1. Which members of region 272-313 meet the condition of being of a type in the set (S, T, N, Q) and farther than 17 Å from Y253 by Cα?
2. List the residue pairs whose Cβ atoms are under 7 Å apart, where the first residue sits in region 119-130 and is within 12 Å of P103 (Cα to Cα), the second is of a type in the set (S, T, N, Q), and the two are 6 or more positions apart or on different chains.
3. Taking F217 as meeting all but one of (1) farther than 30 Å from L105 by Cα; (2) surrounded by fewer than 21 Cβ atoms within 10 Å (Cβ to Cβ), write down the number of the exception.
4. When you scan region 239-276, how many residues do you find that are free of Cβ contacts under 8 Å to residues at least 40 places away in the same chain, out of contact with any helix residue (DSSP H, G or I) (no Cβ under 8 Å at 6 or more places or on another chain) and on the phi < 0 side of the Ramachandran plot?
5. Quick one: in region 131-145, of everything that is surrounded by 14 or more Cβ atoms within 10 Å (Cβ to Cβ) and of a type in the set (S, T, N, Q), which residue is nearest to the chain's Cα centre (by Cα)?
6. Residue check, F87 against (1) over 25 Å from G233 (Cα atoms); (2) in a loop (DSSP other than H, G, I, E, B); (3) aromatic (F, W, Y), all met but one. Which one?
7. Restricting to region 78-109, count the residues that are of a type outside the set (A, V, I, L, M) and in contact with a helix residue (DSSP H, G or I) (Cβ under 9 Å, 6 or more places away or on another chain).
8. Return the residues of region 310-321 that are under 18 Å from L288 (Cβ atoms) and not aromatic (F, W, Y); say none if nothing qualifies.
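The values are calculated or read from the model by the stated rules, or taken from the named source; none is laboratory data. Just so it is clear, the model here is predicted, and its values are computed rather than measured. Don't worry about glycine lacking a Cβ; one is built from the backbone with ideal geometry, like all the others, and counts go over all protein chains shown.
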Amino acid sequence: MFRYWLVGLLFALGLSQSAAAQEPLTVSPQTSRLMLNEYLNYRVVDKSLNVENIAVNEPQRWLSPSQLQDHNYAGERPNVWGVIPLFNRSNAPLTFHLKFGDPYLEKVGVYLLDKEGQITSQSISRFSTPILQREYLSHEQVLPVTIPANEIVWLAVSVQQWPEQMPSVSLWQPGDLQLRLQQQQTALGVNAGILILLALAAATSARLFGSRLLIAFGTLTLAFTLSLLLHSGVWITYFTPYSPDIAAVLKGYISQLLIVALSWFIWEWSRFRFKLSRFNRIGYSVMLIAIAMTILLPWLPEPWQLALISWEINALLLWGGVVVGRSLQ
């Protein structure tokens, strides 16, 4: 009898320690920004599982941030749930904005749950929603959440994404977030403007001097500008605010265009630097392979497209490093 009592006591202690491992995160009117990823506990499930069944009060089902990165999931793109208890120590409800770091997330959700795991409020956003119809006017996914005063609640976020690609999730005061987004868009606009000026200067110089190397450099700069605008999400704001899905489709093709432009520039550089040598032949072959991969890209499913682009970038950076190293000798 004593043995069963001892086993039960140890089991209860283990559960209480697991439950207490995630202490409530305190917020107040002075909280301007919090990066939540390191505080969240995670669960990777099929996207059909709804918030009522994620079991926030069963800590043994949840993963730490390090465990999430090592988690393997087979099948379609899952839902990654993150939960954390929040405590608003002020005497009035506080409204914050949750910002997700990847502008191309297909679906995100923010939920407030009580201690029993029942929904008290929720907000959902989809990538396909035009910017002017979103709750927050931004190319990034931003959702509001109001935390009640002097009460511990569960904050749950849902992201349709692979576990190893979990984006950053941050909690912002509305005014601070607006200022931050304005600064980001200004900086990206300045960078894009400088790159466009470089491309125009290269095109003008190429016309004056008849240099194929300068033409290749101008093309590379233009491709990099398009890639910067697309991957940052700014493209959605200025070019496709009513149809964000177009930007998602273009992103992979612009990345491939950048790879082709870079392979062309490396080949032209090797022709300029080494005249006739094996580097020219290898560079020409690399460029032809990049063009062939571009033709193949539309027939590949999305995971294979991403894997192919990643492999090409790594191979091209390696080849570019060899050419630069040889040029410095």
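1. S277, N280, S285
2. S125/Q141
3. Only one criterion in (1) farther than 30 Å from L105 by Cα; (2) surrounded by fewer than 21 Cβ atoms within 10 Å (Cβ to Cβ) is unmet by F217, namely (2).
4. The total comes to 3.
5. Across region 131-145, the extreme among qualifying residues is Q141.
6. Of (1) over 25 Å from G233 (Cα atoms); (2) in a loop (DSSP other than H, G, I, E, B); (3) aromatic (F, W, Y), only one is false for F87: (2).
7. Going through region 78-109 one residue at a time, the tally reaches 12.
8. E312, I313, A315, L316, L318, G320
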